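Contents: one structure, followed by commentary.
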Amino acid sequence: MKKLVLLMSIVLVCFSCKQKGMYEIEGTVSSPDMEGKYVYLVKYNDEGIEKCDSSVIKGGKFSFEGVQEMPELYYIQTEEGEIIKKRAILLEPGNIVVTIFDYMTVSGTPANDAYQQYLDEQAAVDSRLDSISDKFDQTQSNGALTEEKENEFNAEYDSIYKEKKESYAKYFSENINNPLGVEEFSVYGRRLDPEQLGLVLSKGSEAFKASKTGIFYQERFDAVQKTAVGQKFTDIISKDPAGTPVSLSDYAGKGKYVLVDFWASWCGPCRKEMPMMIELYEKYKSKKFEIVGYSLDKNTEAWIKGLEDLGMTWPQMSDVSFWKSEPVKNYAVPHIPYTVLIDPSGTILAKGIIGTELKNKLEELLK
C-alpha cells in the first residue's frame, strides 16, 4: 500500500512538472475556404519569420500546444504566408482561445484578455469618431456647415478623442512590462499627452527602460518637457529650398509671432489645411506675424513641387529626412500637420493648434 501511495505521489509530481509552462491554443475559423489547410504558429526573429508549429483545420477547428515559460509574441500564419489579421498573441502558460471571423479575438489568459478588452474599447471609440466625421462631411456637402456648427463638431470629436487617449494610457500603464503592452505602446505611445506619457514611463521596469522602445520614449518625453508651453523655443538649423543654410532663430525671438508649421507634400490633411494657412498669412504678415514651414518630405523635388502647387510663399526649411529629422525629434512631433506658436520674445505660446483653433488664437493676438 505504501509503495502504491509513493508511486502515485511520483506520478503526480511528474505530471505537475510536465504542466509547468504548458499552453494550449484552441482555434475556430469561420471561412470554409480554410478547411483542410495548414495554419502555422510563428514568431519573428532576426532572420524573419520562424515557423514553430503547424496544425490542420478540421471542422473549422485547429489547435497548438507546448511549453512557453517566458511570455512571447506569436502570430498565426496561413499556408500562403499571410499573417492572419496581423493580430499578435501573447504565448504564455494557460488555455488560449482564438476565434477568426471578420476579425480575430484572443482570450483565456490575463494578458490576452486585457489586450482584447483594450482593442474592443478602441474599436468602440473609433466607431464614434467615424460617426462624427461622417456627419461633418455630410453637413459640409449639403452646404450647411457654419463656423458655429464646425466648432460643435470639433468639440465633440475632441471630447471623444480624449476618451481614446485615456484608454491608451490606462492599458499602457497597466501592461508596459509585458510584450503585448510594449508592442502597442511602441506604435501609439506618441499619441499620449505629456502627463500620460510620464505616468506610463514611470511604470516601466529596468528592462523596459533599457529597451529600444523605452529609450525612444524617454527621449521623446524629455523633448516634450524641453519644448513645453512657456519654454524658450529650440532652434532648428536646416536648409531652404535653394540649399542655403537657414535657422528658426533667423525669425523667432525677433519681435514677431512665429508659427512653425510641420508639414509634407505627401500629407493629405496638410494640403487640406493650406488654403486657410495662406489666408491667415495674407491677413497677418504685415502685423508682426511670420510662418516658418518645416517639411517632412523625403526628397527635394517633391518638397519644391508641393510648395509651388500649394502656393506657399512663407519661409521654408527641411533636411528632407522624413520622420528621422532632428527637429521632428526635438519637438516630439506626433503627427502632421503640427504647429508650434512662438511669441515675439521667443517663448512657446501654444502647440498643436490648427484649423479654427489656430484662426481664433491669431485673431486674439493680432487683432
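The values are calculated or read from the model by the stated rules, or taken from the named source; none is laboratory data. A quick note: this is a predicted structure, and the numbers were derived from the prediction, not measured. When we count neighbours, we look across all protein chains shown, and the Cβ atoms used for this are built from the backbone with ideal geometry, even at glycine. Accessible surface areas use protein heavy atoms only, side chains included; no ligands, DNA or RNA. Shrake-Rupley method; radii C 1.70, N 1.55, O 1.52, S 1.80 Å.
Matching residues to (1) of a type in the set (A, V, I, L, M); (2) in contact with a His (Cβ under 9 Å, 6 or more places away or on another chain); (3) not in a loop (DSSP other than H, G, I, E, B):
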residue	(1), (2), (3)
SER63	no, no, yes
GLU69	no, no, no
TYR75	no, no, yes
LYS85	no, no, yes
LEU90	yes, no, yes
THR99	no, no, yes
ASP102	no, no, no
VAL106	yes, no, yes
ALA111	yes, no, yes
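Please determine whether any residue of the stretch 297-312 is under 25 Å from the mean Cα position of the chain (by Cα), of a type in the set (D, E, K, R) and open to solvent by 50 Å² or more (accessible area, probe 1.4 Å). The answer is yes; a qualifying residue exists. Output the qualifying pairs, or none if there are none: Cβ atoms under 9 angstrom, residues six or more apart or on different chains, first residue in the stretch 137-156 and open to solvent by 90 Å² or more (accessible area, probe 1.4 Å), second residue part of a helix (DSSP H, G or I) and at pLDDT 90 or above. Taking only residues 6 or more apart or on different chains, not a single pair turns up.
Looking across the stretch 314-367 at every residue that is of a type in the set (Ser, Thr, Tyr) and more than 23 Å from PRO241 (Cβ to Cβ), the one that is farthest from the chain's Cα centre (by Cα) is identified as SER345. Return yes when THR347 is without any contact (Cβ under 8 Å) to a residue 60 or more places away in the chain, farther than 22 Å from ASN151 by Cα and either in contact with a helix residue (DSSP H, G or I) (Cβ under 7 Å, 6 or more places away or on another chain) or open to solvent by 10 Å² or more (accessible area, probe 1.4 Å) (or both) and no when it is not. Considered against the rule, which asks whether it is without any contact (Cβ under 8 Å) to a residue 60 or more places away in the chain, farther than 22 Å from ASN151 by Cα and either in contact with a helix residue (DSSP H, G or I) (Cβ under 7 Å, 6 or more places away or on another chain) or open to solvent by 10 Å² or more (accessible area, probe 1.4 Å) (or both), THR347 comes out as no. When the residues of the stretch 207-229 are filtered to those that are among the hydroxyl-bearing types (Ser, Thr, Tyr) and open to solvent by less than 20 Å² (accessible area, probe 1.4 Å), the one that is farthest from PHE172 (Cα to Cα) is THR227.
Scanning the stretch 241-275 for residues that are surrounded by 14 or more Cβ atoms within 10 Å (Cβ to Cβ) and closer than 16 Å to GLU308 by Cα yields PRO241, TRP263, ALA264, SER265, TRP266, CYS267, CYS270, ARG271, GLU273, MET274.
The residue that is least open to solvent (accessible area, probe 1.4 Å), among those in the stretch 158-184 that are part of a helix (DSSP H, G or I) and more than 14 Å from TYR118 (Cα to Cα), is ILE160.
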